[in-house]
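Before any comments, here is the structure.
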Amino acid sequence: MLTIQPVYRPRVKTLDSLRGLAALFVLLNHLLGGIVSYKIMDAFSPIHFLTGGDEAVIFFFLLSGYVLVYQYESNPDYTYMRFIFQRFVRIYIPYTAAIALSVFLFSLTAHNHIGLAWVSAIWQQPINLNTIIDHLILINKFNTNSINPVIWSLVHEMRIALIFPVILYLVRLKPIYTLIILFGISIISTIANIYNLDPPIGYLNSYNSTLHFLYIFVMGGLIAKHQNILLNAYNWLKQGPKIVLILTGLFAYNYAHLYPQVIKRVDLPGAVKYFSDSQTQDLLVTLGSCCFVIAAINANKFNTFLLNRIPLFLGKISYSLYLVHLPVWAFIYFEFNGRLPIVIMVITGFISSLSIAVLFNKYIEQLALKWQKIFIKNTIYKSKQ
């Protein structure tokens, strides 16, 4: 097992806030997408990122890579088995509770598939034992759309956790070697997509998709590994270049979704066009996210905003909000579509999602983390005495 010399580091609260804002953007995307026509949803809007769901998930992946490497380096007691145990508690226990909530809400509604909103397309098939088993296994390839579609990202989180030593190996190489290897992995992933070697069953849940997303976790890990160098370089910049850097990152993040539309209009060879279409959009979002993370871990006015009460609150409940908002919104949609104005439904979905996320965080997520700390204290530390 790889080991890294521990360096004690404090928790980066500003990144919690960024995660909370990203979870809020996912919520807005699912509430407004296909239902309410706002300028904010327009593809060319300068604030399109406020409803960018896929972009937010890419940001989650980058943050996960950063946090995992950051925590591993700062903890002398970390072993692979402890790491897996902590990821299991952190991800899997709230996940199973959210699946139970989804099944419960599914059973309460007739889920008539009417209306033009995309949400009317979920809960289309009855839930059987095989569906439950697939969801409990989580890391296999299954229909992630059947109960709670947002879980597709957790499939990759758990798969990446199992191969975490690979992440550590890659971030410990010289960055140029790491980037060369990641480029090679992207080529392999692209070829697999071109020849449809590993088609997904649910939304982007193939093993090849995990291979594709691997580089995003590694990029986050590289920021954690070389944080001091990056911060010194950032601090060396004057205020103007810093602003340009952030605006460039925001532009890349906000308009990355337009790239496939642009590249389709350019006369390129098929393979090159496919690579550009499938890889570059996520790469642009990743590079923009890197700019946000580097700015957030530095002391500046951006941090002042992120350390306010509301972003910190969103950061605290971000995982719970991500897990529960879609089944809550689906239940409201199926129960009240045609009976309440759309605006009232959206407002109700927003308030209900936040409220249930607070309760879920308190009684499921935080309780699981408390049990985790007690277990670690009673096993790892007692074994040293």
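Quick notes
- Looking only at residues of the range 194-217 that are hydroxyl-bearing (S, T, Y) and over 25 Å from I122 (Cβ atoms), we find that the one that is most open to solvent (accessible area, probe 1.4 Å) is Y195.
- Residue among L268, L314, L283, L307 that is over 29 Å from Q366 (Cβ atoms), modelled with pLDDT of 80 or more and either surrounded by 20 or more Cβ atoms within 10 Å (Cβ to Cβ) or hydrophobic (A, V, I, L, M, F, W, C) (or both): L283
- Counted residues, the range 165-193 - those being outside any helix (DSSP H, G or I), open to solvent by less than 70 Å² (accessible area, probe 1.4 Å) and not aliphatic (A, V, I, L, M): 0
- Residue in the range 73-81 that is without any contact (Cβ under 8 Å) to a residue 60 or more places away in the chain, open to solvent by 60 Å² or more (accessible area, probe 1.4 Å) and assigned to a helix (DSSP H, G or I) present: yes
- Unmet criterion (only one of (1) small (G, A, S); (2) in contact with a Lys or Arg (Cβ under 9 Å, 6 or more places away or on another chain); (3) under 17 Å from L63 (Cα atoms)) for S206: (3)
- Count - residues of the range 47-66 that are over 8 Å from the mean Cα position of the chain (by Cα), more than 17 Å from L222 (Cβ to Cβ) and in contact (Cβ under 8 Å) with a residue 60 or more places away in the chain: 6
- Selection of the range 44-55 for residues being open to solvent by less than 40 Å² (accessible area, probe 1.4 Å) and touching a Lys or Arg at 6+ places or on another chain (Cβ under 9 Å) yields only S45.
- Selected residue (criterion: nearest to I297 (Cα to Cα)) from residues of the range 223-233 that are of a type in the set (A, V, I, L, M, F, W, C) and open to solvent by 20 Å² or more (accessible area, probe 1.4 Å): L231
- Some residue of the range 115-128 being open to solvent by less than 40 Å² (accessible area, probe 1.4 Å), under 29 Å from N337 (Cα atoms) and modelled with pLDDT of 95 or more: no
- In the range 314-329, the residues that are farther than 27 Å from S120 by Cβ reach residues that are crowded, with 24+ Cβ neighbours inside 10 Å and hydroxyl-bearing (S, T, Y) with C-beta atoms within less than 6 angstrom, at least six apart or across chains, in these pairs: G315/S17.
- Among the conditions (1) within 23 Å of L154 (Cβ to Cβ); (2) open to solvent by 50 Å² or more (accessible area, probe 1.4 Å); (3) touching a residue at least 24 places away in the same chain (Cβ under 8 Å), the only one that L359 does not satisfy is (3).
- Any hit, the range 258-265, residues being open to solvent by 30 Å² or more (accessible area, probe 1.4 Å), assigned to a helix (DSSP H, G or I) and modelled with pLDDT of 90 or more: no
- Scan of the range 144-153 for residues that are open to solvent by 10 Å² or more (accessible area, probe 1.4 Å) and touching a helix residue (DSSP H, G or I) at 6+ places or on another chain (Cβ under 7 Å), ordered by number: S146, P149
- Tally of residues being assigned to a helix (DSSP H, G or I) and open to solvent by 10 Å² or more (accessible area, probe 1.4 Å) across the range 155-164: 4
- Filter result for F85 (modelled with pLDDT of 85 or more and either within 23 Å of the chain's Cα centre (by Cα) or aromatic (F, W, Y) (or both)): yes
- Test set (1) at pLDDT 90 or above; (2) surrounded by fewer than 21 Cβ atoms within 10 Å (Cβ to Cβ); (3) touching a Pro at 6+ places or on another chain (Cβ under 8 Å) - G20 fails condition number: (2)
- Any chance I187 is among the β-branched types (V, I, T), under 18 Å from F61 (Cβ atoms) and more than 19 Å from the chain's Cα centre (by Cα): no
The values are calculated or read from the model by the stated rules, or taken from the named source; none is laboratory data. Fair warning: this is a prediction, and the values are worked out from it, not measured in the lab. When we count neighbours, we look across all protein chains shown, and the Cβ atoms used for this are built from the backbone with ideal geometry, even at glycine. Heads up: the accessible areas ignore ligands, DNA and RNA and are worked out on the full protein's heavy atoms, side chains in. Shrake-Rupley method; radii C 1.70, N 1.55, O 1.52, S 1.80 Å.
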